[in-house]
Each structure stands twice: as structure tokens, then as C-alpha cells.
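Each reported figure results from applying straightforward, stated rules to the coordinates on display, with no laboratory input. Quick caveat: nothing in here was measured; it's all calculated off a predicted structure. Cβ placement follows ideal geometry from the backbone for every residue including glycine, while neighbour counts extend to all protein chains displayed.
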Amino acid sequence: MKIAHLVSLQENVPPKSKNGLEFVVAWLVDELVARGHDVTLLAPAESKTKAKLISIKKNNTLEKNVNNWGSHNFSLWNTSLVASINTKFDIIHSHTETITSYMPFISKPTILTVHGQYNDSFREKYLSKKKYLKYFDFALAQYKKINYVTISKKQEQNFLKCQKYYFKKHTTIYNGIPMEKFGFNDQPHNYLFFIGYINKDKGADVAVRMAKKLKMKLILAGEISSQEKFFNTAIKPYLNKDIKYIGPVNFKEKNILYKNALATLAPISWEEPFGLTLAESQACGTPVIAFNRGAAPEIIQNGKTGFLVNTENEMIKSIKKINTINRLDCRQRVEEKFSVKRMVDDYEKLYKKLANK
């Protein structure tokens, strides 16, 4: 099949020192090419892919934005490009919601994988009020053309609030990771690991408090990303020879940190749609202890591949019994549910279903 994959121009595919959807897109696209599909990726020119790469700009726009102007406008232009050539493909697969603005000009089956958190403001402000709803007839007719893919059942449940308006065609396909790129280790070192943006939502402050209370070693990895005040007040005072912040890490570095950790902490305080780090950690055999939020209950098998907790005290108790987890169970869980093979199998089924309509 001829498939176009579209991302925003904020970040390379795959990214250099962060996690997220660009890794998923890279793995998805390369596996589709390996299976014989004719894939075109519209992404920054610095991206590394087995697909045909089209870019309207030499560099990504992440570090060169002026009040997000570059990010927004270049992504819109990138989307307009795929709309202008959409008839060359069997399927248009977007990973950016800018595709919604161009649906009047796209005649081919279009998929939007929703990677972000659900935002209810549009429904609450406009769609739920009859006096406004009639003004959105044309827009909603365009949104209804889209085949939405949510990346967890929890995310799908949130979007179902909009089913009566536009969320008509939808399915859930979990993100997948390449198992061969994550090394398994059943003889971990004695430290806890946290990886992600250093902010309140991700719970970096909770992680350092856990380590201090338990007098355990902790390694924090990730970008501060405009959260200097949070870092200086909630993280920096805890840093010492046992609690270390090492900054952003590349793929090879994080793999080593995962597999040697006793456990990975994910004390999230938001409805995270998936949580790639949860799957990656378990792929290395390292159990995850997470707050019971977002998609964490779908990724972690409580008591078998990690622990789901509701309070900091419960997290402390779970850390103390982490050795009851069989690290091989963690690996097998990801092989079964969250591999690239399984993800691409699911997307292929969807592509064929849409192309044959």
C-alpha cells in the first residue's frame, strides 16, 4: 500500500534526546517499509527513516520558535503539503491534529493517531450548547471523516464524550516498541530510576522524596524544559551523592539505565494517554511503580510487572517489596502487548479495512 505519515516539524524522527511520539512513528514507519509498503514520511529533513522522506524545511523548528510561531505555522504548511498530494496515496496517516484543518481538501482515507491528552474545553464551551452547535456543522462534518486512533482505552473513554458530535470512527491501538533494542537484565543494581520531563506532572519531586525517605540511590534523567523554578525548589535541594540528576539521555544511555535499575518510578499526576517509559522499562525487565493514573493500569500488571499505587506511602511500601516481582514477567508482558510487531499488525488491519471500503 502507498501510505503517507505526517508529523509536526517540531522534532526529528526519531528524536535525539527525548521520548515520545517521534520514536513510535520511526518504529512504525520502518516496520511498514520492511513489510513491503510504499511509505512516505513528511517530517524534518534531519530525520532518519527507511521511508521516502519529504521535508519543506532543512531543520526542525523546536529550538527556533518565536512564541511557538514556527512550530504552529510550519506544521500547518507541512499538513497542507500532504493535502495537496493526498491522491498519490492509499492512506493518509497523521500524527498531528493540524490534519483536521485540511479535511475538506483530502479525498483519501485519513487516520489521526491522537498522542496527546484529551482537552474538553471545545466540547464544554461550544458543542454542548445548542445556540453554538449549528455554527460548527461544516467543521464537524469534516472531523467525522477522520478515523481516530487512541493509544489507550483510558484515552478512548475521554474522547467518547465527543462521540455524538464527531468521534464516530475510532479504535484503540497501543504504542509498540522494538524489543530487540531493549536489553533484558535480571541482575539489577541497587538504584531507583526516573526518566521524563522534570516537572510536577511527571512527578520528579515525588521520586526524590521517595529516595530520601528510603535512603536509596536515585538517578533522574530528562529535560528541565522551562521548569527551572520547579527544579531549583523541588529537586535541586535533594541532590547529593546518592540522588543525582544527569540531564537528558540518548537512546543507548537510557537503555542501560533502565535495565540496571531496581525499579522505575512513574509518580504521574496527570492522565497520561500512554506512557512509553512504562513499556520500555518493563522490556528491560525492570518493574515500574506508578500512580494509578491515565493508561498506567493498562500497561502495568499490578503485582506482577510492577505496582499501581494511590499515595506516596503506598509507593514506599511497594518499593520495599519490589524484589517479589519476576523481571522476566515484565519482559514477557511487553512482548505480548506492546511490541512494534503487534502495533504494526493492528495498523495494517486498519489500513486494509479503510482501503477496501
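Here are some notes:
- Read-out Kirkwood radius over Cα pairs in Å, derived from the coordinates shown; its label in (1) 20.9; (2) 21.4; (3) 24.0: (2)
- Highest average packing first - 256-264, 236-244, Cβ atoms within 10 Å: 256-264, 236-244
- With a Förster radius of 41 Å applied to the beta-carbon distance between ILE54 and GLN157, the computed FRET efficiency rounds to 0.70.
- Full-stretch length increase - SER101, PHE230 - with 0.36 nm per residue and alpha-carbon distance subtracted: 42.9 nm
- Gain in span if fully extended, ASP242 to SER269, counting 0.36 nm per residue against the direct Cα distance: 7.2 nm
- Helix axis angle, 327-337 relative to the chain longest principal axis, alpha carbon, degrees: 10
- Look at SER55, SER226, SER339 and count the other Cβ atoms within 10 Å of each Cβ; fewest to most, that gives SER226, SER55, SER339.
- Theoretical ellipticity at 222 nm over the chain - DSSP helices of four or more residues, -39500 (n - 2.57) apiece, nearest 500: -9500 deg cm²/dmol
- Karplus-derived HN-Hα couplings along the range 239-255 (A = 6.51, B = -1.76, C = 1.60, θ = phi - 60°), whole Hz, x at Gly and Pro: 5, 7, 5, 9, 10, 10, 9, 10, x, x, 10, 7, 4, 5, 5, 5, 4
- Angle between the chain longest axis and helix 21-34 axis [Cα atoms, degrees, rounded to 10]: 70
- Computed over neighbours whose Cβ is under 13 Å from that of ASP186, the net charge equals +2, Lys and Arg +1, Asp and Glu -1.
- ³J(HN,Hα), Karplus 6.51/-1.76/1.60, whole Hz, each residue of the range 284-291, x for Gly, Pro: 7, x, 9, x, 10, 10, 10, 5
- Residue-wise HN-Hα couplings along the range 148-159, as the Karplus relation 6.51 cos²θ - 1.76 cosθ + 1.60 with θ = phi - 60° gives them from phi, are 7, 10, 9, 9, 7, 5, 4, 5, 4, 4, 5, 5 Hz; Gly and Pro carry x.
- Whole-Å distance, taken between Cα centres, linking the range 213-278 and the range 162-203: 15
- The C-alpha atoms of the chain define a longest principal axis, and helix 340-355 lies at about 20 degrees to it.
- Sum of side-chain charges, PHE138 neighbourhood, beta-carbon under 15 Å (Lys, Arg +1; Asp, Glu -1): +2
- Remark: spin-label model distance GLU336-HIS72 equals 4.6 nm, labels positioned 7 Å along the Cα→Cβ axis.
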